[in-house]
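Okay, so here's the structure we're looking at.
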Amino acid sequence: MSEAQSSTQLNLNELLEVALRAANVGADIIMTFRKQSTLTFDTKGDINNFVTEADLASERAVRDAIRSARPTDTITGEEFAADNIADAKVRWSIDPLDGTINYMRRLPFYACSVGAQDIATGEWVAGAVVAPELNTVWYAAKGLGSFVVRDGQTTKLTGPPADRKSKILATGFSYSPEIRPSQLAEVTKLMVDFEDLRRNGAAAIDMCHVAEGVLDAYFERDIKEYDWAAAALIAEEAGVPVLRPTVVGDATVVGAVAGFTA
């Protein structure tokens, strides 16, 4: 990785190294709990919105890894309150276990995601997504490209081929029964431009799969920042157009999707 700095003189190589280290620590915690025969869990309001002891332990470990390396940064995450630091230049956004339901049901599509934002510019500048059961790591830093590591091989990501005829759209659905019907109707309209649909249950992995060219596009409403903080940058650095939500209810769009443009 070559040296690169943002407008606020952040060391992107350092941030990327911290993101990778922290995401791998979180993934190791997840896999430790995977070996247990039982898993303690609770719900967070909606019937399918679970939090497990693995989520909580992973986020604690990720926060500790970031804090030990970057004591003056702000840290936010899915499970715990923000750890705000006055005059911080970087804010971290953590999803300690993206795909919790998959994890609980022993489906392999889950990951630990860690993204870093330049507070001065609002730009997302580094991110890593580690899917331990898929033996896969995706990562990127702004302006430095994005990469996947699988079975010891590192490959630069360039997105899906533009001339591919058979295109697959990935999506997901809200926990809220009030929102899901409109999402289903919206996806039905989008499918005129795609030949097939995948709903893998882990937003970060879906976005990384678009970056890798495994999928052609990803579209979803009602997801949170920590879901896309790292993965949207990974897709963007692979040359894929990305539209991040700006208000609650906006869609996250990765790739060309039926009239949506970045």
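Return the only residue of Val210, Val192 being part of a helix (DSSP H, G or I), at pLDDT below 95 and either β-branched (Val, Ile, Thr) or not assigned by TED's automatic domain parsing to the domain that holds Arg150 (or both).
Val192
If you scan segment 65-81, which residues turn out to be aliphatic (A, V, I, L, M) and touching a residue at least 24 places away in the same chain (Cβ under 8 Å)?
Matches in segment 65-81: Ala65, Ile66, Ala69.
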Residue pairs qualifying under the 8 Å Cβ cut-off, at least six apart or on distinct chains, with the first in segment 83-107 being not assigned by TED's automatic domain parsing to the domain that holds Arg199 and hydroxyl-bearing (Ser, Thr, Tyr) and the second being part of a loop (DSSP other than H, G, I, E, B) and crowded, with 17+ Cβ neighbours inside 10 Å, are Ser93/Ala229; Ser93/Ala230; Thr100/Tyr110; Tyr103/Tyr110
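Check whether at least one residue in segment 250-258 is assigned to a loop (DSSP other than H, G, I, E, B), more than 16 Å from the chain's Cα centre (by Cα), of a type in the set (Val, Ile, Thr) and over 19 Å from Cys112 (Cα atoms), and report yes or no.
No, the conditions are met nowhere in segment 250-258.
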Those residues of segment 141-152 that are buried (at least 20 other Cβ atoms within 10 Å of the Cβ) and either closer than 18 Å to Gly255 by Cβ or touching a helix residue (DSSP H, G or I) at 6+ places or on another chain (Cβ under 7 Å) (or both) come to a total of 4
Would a scan of segment 69-87 turn up a residue that is at pLDDT 95 or above and assigned to a helix (DSSP H, G or I)? yes
Just a yes or no: is a residue in segment 153-168 closer than 28 Å to Arg70 by Cβ, of a type in the set (A, V, I, L, M, F, W, C), surrounded by fewer than 18 Cβ atoms within 10 Å (Cβ to Cβ) and in contact (Cβ under 8 Å) with a residue 12 or more places away in the chain? no
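The values are calculated or read from the model by the stated rules, or taken from the named source; none is laboratory data. Remember, it's a predicted structure, so these values are computed and weren't measured experimentally. As a convention, Cβ positions derive from the backbone with ideal geometry for all residues, glycine included, and neighbour counts pool all protein chains shown.
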